[in-house]
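Chemist: Dropping a structure here in structure tokens format, bear with me for questions.
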Amino acid sequence: MEVVKNQIDDLNLTLNITVSKEDIEENVEKTLKTYRQKAEIKGFRKGNAPMGLIRKMYAQAVLADELNKFVGKTLSDYIENEKLNILGEPLPNEGTKTIDLAKDEKFEFAFDLGIAPEFEIKLSKRDKLNKYIVKAEDKDIERYIENYRSQYGKYEDIKKATEKALLTGSLTQIAEDGSEIENGLKNDDANLAIEFIKDAKIKKQFIGATVDTIIDFDIKKAFEEEGKIAVMLKAKKEEVANMTPNFRLVVKTVKEYKQAEINQDLFDKCFGKDVVKTEEEFRTRIAEDITASFKRESKYKMMLDIKEKLLKKLDLKLPEEFLKRWVKVTNEKLTQEEIDNEFPKFLDDLRWTLIKTKAAKDNNIKVEKEELEKAAQEMVAAQFAQYGMAYIPNEYVEKYAKELLQKEDEVRRIYEHELEDKVVDFLAEMVKLEDNEISVDDFLKLFK
């Protein structure tokens, strides 16, 4: 066996591997003997078929398999022993000769490798970056208050239906003459929101309705979407598609959604019992929460700025032709046009990955087990908060976080996210950060 390195340039090399039959002969014989022991061939007891017959049946397949394993191990061992920092995976050289397993005594393979560039991360206090501190304005606070009031509001009975009313009642399919259709579609507990009625004339029929009001209408004109109508009637979509559209609603209740009042009950629901006691404290707490909620986005913006600065400053060269081949081989469903369009972004993401990896390795930056667990708990708590469950017991958070950390993909994703956070913190210490107070609207414009 022989391995010859052909260094094309700093970023590209080809490894030529020559394997003789003698290199793998022992492994081939062992495998064939194993085949013989397990072979069940008509006319012979299990394990007693002639070795010549076994060779005739399996020799070439075994030779190919052992050859692939030997070459794969030789390739990976060489990369590890020579400490080659490769990008992607080795690719067969396009000029590799076709192998004849029956005739060849030596087998030649050639693999192209893309090599990561060598570089040093150079940042100093002469490099300036903004540290954005997002400040809430009155309109932002009002928007949050309206959201809280809507979130913790409820439906209340009203006497007459408005455009925002929700009617409940019996919804029955009727014939042209107004009689109920036998075995027609019917839902005795239907919910109907007036604001979603598309037809203006039909909508007018519903506004002003009271309990026991009877309304005949064309349900398909009123709501148009068969999926919504099917849900309203608790029917199948195909039933709705083929039905006559005339229905009668007998109103049982008339309700309207009322926002929560700004009082102690709302304060407690938003922030916990007696944490906030006045409207002024309520507004102050919301302003603080808005600023806090943008801390991660602010850090994300800082990461983008550091990334942009380093990509420009280091100007890392990559083996682009090799990488384009590798992307195509590993993403067979992508068209060449899609690859060409996404390739510049792929290169920049790869450059940033190299920078992060080097910063972490050179400075022994790691994510410890406790940090991983804490990050998982924060992720779970944030997910609950999105569903309006801002305050849940710690034992539930810890339970779901443990379940999350049982999934390998999730562990890898959380680890990479936390590692990037720590690397960004480290790199931010190397530059001069200047506090920059900014409004919510102006901050969001930075991402457009």
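Chemist: Would you pull out the residues with amide H under 5 Å of Lys131's amide H, same chain only if 5 or more places away, H placed 1.01 Å from N?
Modeler: Glu434, Asp435, Asn436
Chemist: Moving on. Percent of Cα-Cα pairs more than 18 Å apart in the stretch 223-373, please.
Modeler: When every Cα pair of the stretch 223-373 is considered, 80 percent fall beyond 18 Å.
Chemist: Here's a follow-up. In whole percent, how big is the carbon plus sulfur part of the accessible area of the stretch 99-220, probe 1.4 Å, protein atoms only? Don't skip to the answer; put the middle values down first.
Modeler: Working: 3420 of 7450 Å².
C and S fraction of accessible area: 46 percent.
Chemist: Same structure, new question: Rg over Rh of the stretch 145-264, using C-alpha atoms and the Kirkwood radius, what does it come to? Let's see the in-between values first.
Modeler: Working: Rg = 15.6 Å, Rh = 15.2 Å.
Looking at the stretch 145-264, the ratio lands at 1.03.
Chemist: Let me ask something additional. Which FRET efficiency, nearest 0.05, do Ile99 and Lys46 yield, Cβ-Cβ r, R0 30 Å?
Modeler: Details: r = 33 Å, r/R0 = 1.11.
About 0.35, to the nearest 0.05.
Chemist: Using amide H atoms built 1.01 Å from N in the peptide plane, name the residues 5+ places from Ile174, or on other chains, whose amide H lies under 5 Å from its own.
Modeler: Long-range HN contacts for Ile174: Ile181, Asn246, Phe247, Arg248.
Chemist: Treating only the Cβ atoms of Lys and Arg (+1) and Asp and Glu (-1) as charged, compute the dipole magnitude of the stretch 86-208 about its Cα centre; round to the nearest 20 debye.
Modeler: 1040
Chemist: Give me the 1.4 Å probe accessible area per residue for the chain, excluding ligands and nucleic acids, in Å².
Modeler: Working: 28550 Å² over 448 residues.
For the chain, the per-residue accessible area is 64 Å².
Chemist: Let me ask another. Taking the convex hull of the alpha carbon atoms in the chain, what volume per residue do you get, in Å³? Present the calculation step by step, with values, prior to reporting the outcome.
Modeler: Details: hull volume 134.0 nm³, N = 448.
Measuring per residue, one finds 299 Å³ for the Cα hull of the chain.
Chemist: Return a whole-number percent for the relative contact order of the chain, with Cα pairs under 8 Å and 6 or more residues apart as the contact set.
Modeler: It comes to 19 percent, rounded to a whole number.
Chemist: Here's a follow-up. Please compute the modelled spin-label separation between Lys317 and Met57, points set 7 Å along Cα→Cβ, answer in nm with one decimal.
Modeler: Here the answer is 5.7 nm between the modelled labels.
Chemist: Related question: Rounded to the nearest 0.05, what FRET efficiency do Ser20 and Glu80 give with R0 = 25 Å and r taken as the Cβ-Cβ distance? Could you check?
Modeler: Working: r = 23 Å, r/R0 = 0.92.
The pair Ser20/Glu80 has a calculated efficiency of 0.60.
Chemist: Starting from the Kirkwood radius over alpha-carbon pairs of the stretch 75-232, derive D by Stokes-Einstein at 37 °C in a medium of 0.692 mPa s and give it in µm² s⁻¹. Before the final figure, lay out the partial values.
Modeler: Values: Rh = 24.7 Å.
For these conditions, the coefficient is 133 µm²/s.
Chemist: For every other residue with a beta carbon closer than 9 angstrom to the beta carbon of Ile202, add +1 if it is Lys or Arg and -1 if Asp or Glu, then tell me the sum. Please report the intermediate quantities before stating the final value.
Modeler: Numbers: positive: Lys198, Lys201, Lys203, Lys204, Lys221; negative: Asp199, Asp218.
In short, +3.
Chemist: For the ranges 120-127, 223-230, what's the packing order if you count other beta-carbon atoms within 10 Å of each residue, average per peptide, and put the highest first?
Modeler: Descending packing order for the listed peptides: 223-230, 120-127.
Chemist: Could you tell me which of the pairs Lys307/Lys432; Lys313/Lys422; Lys301/Lys374; Lys307/Lys345; Lys186/Lys252; Lys164/Lys198 are separated by over 18 angstrom between their Cα atoms in the structure shown? Walk me through the intermediate numbers first.
Modeler: Numbers: Lys307/Lys432 15 Å; Lys313/Lys422 21 Å; Lys301/Lys374 23 Å; Lys307/Lys345 13 Å; Lys186/Lys252 15 Å; Lys164/Lys198 14 Å.
In this structure, Lys313/Lys422; Lys301/Lys374 exceed 18 Å between Cα atoms.
Chemist: Which whole-number percent gives the relative contact order of the stretch 5-68, counting Cα pairs below 8 Å spaced six or more residues apart? Provide the component values of the computation, followed by the final result.
Modeler: Values: 42 pairs, mean separation 16.9, N = 64.
Dividing the mean separation by the residue count of the stretch 5-68 yields 26 percent.
Chemist: Ignoring ligands, DNA and RNA, what percent of the 1.4 Å accessible area of the stretch 388-448 is carbon and sulfur?
Modeler: Numbers: 2070 of 4230 Å².
Carbon and sulfur atoms account for 49 percent of the accessible area of the stretch 388-448.
Chemist: Related question: Ranked highest first by average number of other Cβ atoms within 10 Å, how do 376-382, 70-76 line up? Show your work: numbers first, answer last.
Modeler: Working: 376-382: 17.4, 70-76: 14.9.
The peptides rank, most packed first, as 376-382, 70-76.
Chemist: A further question follows. To make sure I understand the rule: partners must be aspartates and glutamates, Cα under 13 Å from the Cα of Lys125, and not fewer than 8 residues away in the same chain. Which ones qualify?
Modeler: Glu429, Glu434
Chemist: Using only the Cα atoms of the stretch 330-427, build the gyration tensor, take square roots of its eigenvalues as a ≥ b ≥ c, and label the shape rounded, prolate or oblate: rounded if a/c is under 1.5, else prolate if a/b is larger than b/c, else oblate. It would help to have the intermediate numbers written out before the result.
Modeler: Details: a/c = 2.60, a/b = 1.55, b/c = 1.68.
Verdict is oblate for the stretch 330-427.
The values are calculated or read from the model by the stated rules, or taken from the named source; none is laboratory data. Here the structure is a predicted model, which means the values were calculated and not measured. Cβ sites come from the backbone with ideal geometry, for glycine too, and all protein chains shown count toward neighbours. The accessibility values were calculated without ligands, DNA or RNA, using every heavy atom of the protein model including side chains. Shrake-Rupley method; radii C 1.70, N 1.55, O 1.52, S 1.80 Å.
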